[in-house]
Amino acid sequence: MNDVVSAAAAPVARLIDEFHKLPGVGPKSAQRLAYHILRTSADEAHALAQAIVDVKEQITFCSSCQNLTDIDPCRICRSDRRDTTLICVVEEPLDILAIERTRSYKGLYHVLHGVISPIDGIGPDDLKVRELIGRLQGGAVREVIMATNPNVEGDATAMYLDRLIAPSGVRVTRLARGLAMGADLEYADEVTLTRALEGRQQV
Amino acid sequence: MPARIPRVYRTEAIVLRQRKLGEADRILTLYSPQLGKLEAIAKGVRRQTSRKAGHLEPLTWSTLLLAHGQNLDIVTQSETVESFMPLREDLQRLARGIYAAELVDRFSEARSENYPVFRLLAETLRRLATPADPADPAVRLFELQLLAFVGYRPQLDRCVVCSGPLTPVTNAFGPALGGVVCPTCRAGQPGLWPLSVNALKVLRLLQRGDWATAAGLRLSVELQSEIEQVLRGYIRYVLEATPRSAVFVDALRRDTRAAPRSPGDLAEEGPAPLAAHSGA
């Protein structure tokens with residue numbers, strides 16, 4: 001890698017180095033990307049550079065839902081078409097995009113920015129838990145939907161938040177879990193199958 | 001010509017922990033009865049349609065097929081042997097299960113077989129997945145047995161300084177000395193903690209490793225907290241680190257005091273274990 005970099009002109013080498021720092025980009029991909037940029041028009045290159053600068057300068061956390069936003073409160077929180085009595089709790093901002101794609105949820109969100117992971121030393125204080133509890137103080141929220149991932153850390157987080165919230169009388173629910181679309185029954189694990197049986201519905 | 005190494009091999013293992021790798025993969029830390037602790041890559045398990053994911057969650061005992069990889073081996077098939085499901089539905093028990101897995105991880109060298117440790121972890125998870133069994137005595141028994149299996153069995157039967165018998169008075173525990181110190185030898189020894197008669201009795205009882213005894217123990221909050229502090233202190237001394245999940249177990253206990261949710265919690269935790277926190 002270093003030999004190749006030193007063989008390239010200094011600005012190109014710098015660009016290769018920067019690309020190489022990105023997740024999932026190996027040395028060869030970094031070179032390809034750098035030479036691709038070299039071949040594109042100056043306008044396109046400027047647009048990319050500007051987009052990167054803007055994202056760093058303009059994006060902040062929404063003061064209400066903690067999602068990434070360029071205006072505060074964010075577009076979802078300020079929309080008058082959303083049901084403000086519902087809050088859906090997710091681990092990461094990308095999870096909001098996944099749920100929004102369903103077009104079947106009309107409530108608000110809350111991003112924890114992580115998940116409780118005792119073995120990694122990540123506890124509730126490292127997440128946006130206090131902010132969530134703060135949002136429930138007004139009494140306007142009827143239900144909190146736990147949409148953390150269906151694994152040990154996600155479950156621990158959901159159970160922890162349930163303990164915290166339920167005494168206040170707000171309804172706490174968890175996304176149903178069961179068989180995935182396109183899945184194969186014979187490969188399903190016991191936990192998933194048990195939950196799928198418990199949550200069975202009339203055809 | 002040397003015998004060809006088979007491309008895949010089969011082993012059982014309990015998943016101790018996992019961390020994300022790349023787009024959809026995870027690196028698992030496994031504990032196998034034949035191979036001890038090992039790391040392996042599980043490809044594509046973060047995709048929704050993964051056939052392996054559910055069988056590779058932490059605290060699951062699975063049969064695995066592993067392929068030799070360049071660096072780490074790769075999980076090609078998996079099937080659950082035991083999922084300890086009730087453990088996953090109770091946060092208090094789940095936290096203790098994660099703690100047990102962390103201790104096994106921290107006390108184990110990679111690829112060094114220790115079958116008793118595997119059996120101990122499996123039995124501990126099974127007990128934690130039995131709602132009728134009290135969780136905390138099971139964890140204390142686990143700690144004492146684990147310490148013994150990895151070579152740090154605390155000496156509880158005689159004084160570690162003079163080797164004399166211990167009398168039923170308040171003795172002391174010396175983590176650096178690896179056991180109990182009698183009042184006579186105690187003078188001049190730094191870093192000792194007092195150890196009550198009852199705490200010593202309970203520790204000895206649990207050190208025998210009998211699960212039925214542990215399940216039958218009904219300890220006062222003070223006593224429970226005393227033996228927990230002694231063992232945790234000793235483990236911290238041996239590891240030269242505090243297990244991270246212990247912090248979460250403590251945090252949960254504090255929250256439970258504030259808002260007990262079910263009668264089960266109360267029966268198990270007892271009233272507020274104030275001494276544990278105000279003293280620490």
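Annotations for the structure displayed:
- Computed log₁₀ I(q)/I(0) - Debye formula, equal Cα scatterers, no solvent, the protein assembly as shown, q 0.07 Å⁻¹: -0.49
- Eigen-decomposition of the gyration tensor built on the alpha-carbon atoms of segment B:58-129 gives equivalent ellipsoid semi-axes of 23, 16, 11 angstrom, largest listed first.
- Contact residues in segment B:73-112 (at least 50 Å² less accessible area with all protein chains than alone, 1.4 Å probe): B:Met85, B:Arg88, B:Leu91, B:Ile98.
- Positive-end extreme of charge dipole, the protein assembly as shown - chosen from B:Ser220, B:Pro165, A:Pro23 (charges on Cβ): B:Pro165
- When the P(r) is computed for segment B:13-142, the part past 21 Å accounts for 38% of the Cα-Cα pairs.
- Three-way shape call for segment B:74-222 based on the alpha-carbon gyration tensor, with the a/c threshold at 1.5: prolate
- Placing R0 at 35 angstrom, the Cβ-Cβ distance between B:Arg119 and A:Gln201 gives a FRET efficiency of 0.25 after rounding to 0.05.
- Degrees separating the helix A:27-39 axis from the principal Cα axis of chain A, which is the longest one: 70
- Sequence of A:Asp155, A:Asp43, A:Asp72 when ordered by accessible area, the most exposed leading, probe 1.4 angstrom: A:Asp43, A:Asp72, A:Asp155
- Think of it as helices only: each DSSP H run of n ≥ 4 in chain B is worth -39500 (n - 2.57), and spread over all residues that comes to -12500 deg cm²/dmol at 222 nm.
- Area buried, chain A against chain B - accessible surface, total, 1.4 angstrom probe, square angstrom: 2800
- Shielding by other protein chains, A:117-130, mean Cβ within 10 Å: 5
- At least 30 Å² of accessible area lost relative to the chain alone, listed for segment B:1-39 with a 1.4 Å probe: B:Arg17, B:Gln18
- Segment A:85-172 shape via C-alpha gyration tensor axes, a/c threshold 1.5: oblate
- Carbon/sulfur fraction of accessible area - the protein assembly as shown, other protein chains in place, 1.4 Å, %: 53
- Size descriptors for chain B (Cα atoms only): Rg and Dmax, in that order, 20.7, 69 Å.
- Rounded to 0.05, the FRET efficiency of the B:Tyr237 and B:Asp157 pair, given R0 = 22 Å and the Cβ-Cβ distance, is 0.65.
- In sequence order, calculated HN-Hα J values of segment B:177-185 (Karplus, 6.51, -1.76, 1.60; Hz; x Gly/Pro): 8, x, x, 8, 10, 6, x, 5, 7
- Relative contact order, percent, chain B [alpha-carbon distance under 8 Å, six or more residues apart]: 14
- Per residue solvent-accessible surface (Å²) - the protein assembly as shown, probe of 1.4 Å: 53
- Cα gyration tensor shape of segment A:121-185, rounded if a/c is under 1.5, else prolate or oblate by comparing a/b with b/c: oblate
The values are calculated or read from the model by the stated rules, or taken from the named source; none is laboratory data. A quick note: this is a predicted structure, and the numbers were derived from the prediction, not measured. Virtual Cβ from ideal backbone geometry, glycine too; neighbours counted across all protein chains shown. Protein only, heavy atoms only, side chains kept; ligands, DNA and RNA dropped before computing areas. Shrake-Rupley method; radii C 1.70, N 1.55, O 1.52, S 1.80 Å.
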